[in-house]
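K.L.:
Pasting a structure here, questions to come.
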Amino acid sequence: MVAQNLIFGVIAVAMGIAAIRVVTTQNIVHAALYLVVVLAGVAAVYILLAAEFTAVVQILVYVGAILVLFLFGIMLTRAPIGRTSDLDNDQRWLALAVSLLLLGVLAGVLADAFDDTKLPADAAVQRSGEVGTSIFQVYVVPFEVISVLLLAALVGAVVIARRD
Amino acid sequence: MYSKREAVGSVTLAGDPLFGGGVDGAVVLIVLLKTGVAFAALMVSVLFMVWFERKVVSDMQNRIGPNRAGPWGTLQTLADGIKLFFKEDLLPEQADRRIFRLAPYLSIVPAFLAFAVVPLGGVITIAGRETRLQLADPPVGILFLLAMSSVAVYGVMLAGWSSGSKYPLLGSVRASAQMVSYEAALGLSMAAVVLVTGSLLTSDIVSEQSRSIVDWNLFRLGFLPFGIFLVAATAELNRPPFDLVEAEQELVGGFHTEYSSLRFALFFLAEFMSTVTMSAVMVTLFLGGPSGPGPDRGFPGAFLPVFWFLAKLMIFLFIYVWLRATLPRLRYDQLMDLGWKRLIPLSLFWLLVLAAMILDRRYGFAVFGAGILLGLLLLRAVQVGQSATDDAAGAAPAVREAG
Amino acid sequence: MSEYLPILTMLVLALVFAAGSFLASALLAPRKPTAAKSAPYECGIVPDKEPAERFPVRFYLVAMIFIIFDIEIIFLYPWAVIFRQLELFGLIEMVVFALAVFVSFIYLISNGALDWGPARRTLATTSLTPGRTTDSTVRRISRTGETIEAA
């Protein structure tokens, strides 16, 4: 348990620094890469929580697909190498206030929901079979609705992109 | 020899017996030892693969190939590697320095990590502790492989972008789109293996195939997932005939044009290491991993399974070289057509047919028939799409004339 | 958790190896940068253009479509693991799901969103002299050197 707390500390600090760098860096590609660090850190935390399937999904979808899309978007619309001075605007204090508020709300909700519940020391690793059971037996309707959502997303993507 | 699954659909969490009694100093030492050995084995296999590729290609082209350093030129790769240490490391002035330096790491780390979940043999005993000849057996095993191959995109993409030069940028954009496209087909054909195994653990996948040769997934899944996986893996590795990324005739060297010295060496190493790793993954998924062709008699020693594993690995390494020596490079549109319009629908179709066949033969045929009909629909869609594109292209010059 | 120990070790080993070889290279390799060496590679000519400014939107579209398929594939894995428990119910579930994705796939393809090919319809070329063909312009020479008249 000591080792796990230690690892969590390291990951949390790295994620915190990377998250701050996402918004302070002057280079847009660097910002995207710091975001990769943050999201990979989330995956590492999932592993520490014994939610391994979620961790892999986090890597596959966020790191492997969504951020690749971000980088693609940046690269395809001419990502200048070096600093870009117009990345900042005068709304930074507003943004800071909003993010602090969000942090407060999330922390409050988590503290309220879990209080000081401890993860049992012999926490069974989340089995992908159990994940499957809950998706395909308990939450069948949401699962099928997701397919419609994906359909809408695809059609939307095509409609937007085909206006070239 | 391997832990057997208790019931279909439930995953044993036995894992490596090494970690059964908690982690103490001896266990850490054994892990370090195993990792060191695996690391060394990977490096040696890369040195071998580079030599093997050059030698076999030269044989196929009636040349001699490397024959100076060491017997039959076997030490040529080592010599080349040492030479690269002494070469000047250039940093292009237009480059984004930090990312330019970071990219080789991003390219080599996934290649190393993916190998960790491949089972190489049976259980051995070191210092009274039983352990598998497999570095790690995480409960999400096979998805870990997929995750590593999706992370591998970053090295190529960032190397090309950060160089601040035309050819690398073109190469990396091509590469990222290609790798992303074929990852879908890769994932779908891997899902077929999970379907018959009922587990994500690589050790379960291997033990499920260990009874005899007819249980190998290659035969059980009806060749198609294997074929799709082989094609998709070749594309994922950017190896010929899918090497559009570094098409010398168009892009000089592709994403690593601006790299020199050891940074180049690391990209080269990562490329060949991924080839070895991907071959090992194919052996695991489709050819029964370390199990021999006969029924599994539970060998006490670990070395016969390792021998079988290496023998199967060699088949794939040879296939890769053979493909390179034989096939011309695909055009980009052919590459994308193959990935999206053929492999993805085909692998999804076959997955559903397999699932239906597991339940009942009649369902299987029903799904098969429905799939054929939908395939015809897809063909029609391809035609419609093609003519829409042609119309758009035909209309464009007319506009230009009017303007 | 301890299953990840070897992976972590491997990660550290790979990083140490890469960093170590960079260090060795930095110590061993000469360092004599010149303007010509550090210029972007351009086959020997002086580069006069920036790298391409914009790429076809299709590349972006591919990445977007991939996300959708990636999500579908991720759903397939837990489904495949417990398929034998779900039996027919599971099959129907996945067929419905796959059909919905397939419909969008059909839409995608019939819109030509995944067509990369050169358009097959080219401009009608107004050839300068209709009589000029390869037969009339290429002079064929036999082995002994006489011109072979086009048939």
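The values are calculated or read from the model by the stated rules, or taken from the named source; none is laboratory data. Just so it is clear, the model here is predicted, and its values are computed rather than measured. Reconstructed Cβ throughout: ideal geometry from the backbone, glycine too, with neighbour counts over all protein chains shown.
K.L.:
Working only within the stretch B:70-90, note down all residues that are surrounded by fewer than 16 Cβ atoms within 10 Å (Cβ to Cβ) and in a loop (DSSP other than H, G, I, E, B).
P.N.:
B:Gly70, B:Phe86, B:Glu88
K.L.:
Regarding B:Thr131, is this residue without any contact (Cβ under 8 Å) to a residue 60 or more places away in the chain and of a type in the set (S, T, N, Q)?
P.N.:
no
K.L.:
Next question, about the same structure. Which members of the stretch B:208-234 meet the condition of being of a type in the set (Gly, Ala, Ser) and either surrounded by fewer than 23 Cβ atoms within 10 Å (Cβ to Cβ) or touching a Pro at 6+ places or on another chain (Cβ under 9 Å) (or both)?
P.N.:
B:Ser210, B:Ser212, B:Gly222, B:Gly227
K.L.:
From the list B:Leu143, B:Leu84, which residue is over 29 Å from B:Phe303 (Cβ atoms) and within 10 Å of chain A (Cβ to nearest Cβ)?
P.N.:
One residue alone meets the criteria, B:Leu143.
K.L.:
I would also like to ask the following. Assuming B:Val118 fulfils every condition listed in (1) modelled with pLDDT under 85; (2) more than 12 Å from chain A (Cβ to nearest Cβ) apart from one, which condition is it?
P.N.:
So B:Val118 meets the others, but not (1).
K.L.:
Also, quick follow-up: Considering only the stretch C:1-100, give the helices (runs of 4 or more DSSP H) lying wholly within it that have at least 2 residues that are more than 14 Å from chain A (Cβ to nearest Cβ).
P.N.:
Counting at least 2 such residues, we get C:5-28, C:35-38.
K.L.:
Which of the residues spanning the stretch B:158-174 are touching a residue at least 60 places away in the same chain (Cβ under 8 Å), assigned to a helix (DSSP H, G or I) and buried (at least 24 other Cβ atoms within 10 Å of the Cβ)?
P.N.:
Passing the criteria: B:Ala159, B:Gly160, B:Trp161, B:Ser162, B:Tyr167, B:Pro168, B:Gly171, B:Ser172, B:Arg174.
K.L.:
Among the residues of the stretch B:359-390, write down those that are surrounded by fewer than 16 Cβ atoms within 10 Å (Cβ to Cβ), β-branched (Val, Ile, Thr) and more than 31 Å from the chain's Cα centre (by Cα).
P.N.:
Of everything in the stretch B:359-390, just one residue is surrounded by fewer than 16 Cβ atoms within 10 Å (Cβ to Cβ), β-branched (Val, Ile, Thr) and more than 31 Å from the chain's Cα centre (by Cα), namely B:Val384.
K.L.:
Can you tell me which residue among B:Val50, B:Val118 is buried (at least 17 other Cβ atoms within 10 Å of the Cβ), out of contact with any Pro (no Cβ under 7 Å at 6 or more places or on another chain) and under 27 Å from B:Ser203 (Cα atoms)?
P.N.:
B:Val118
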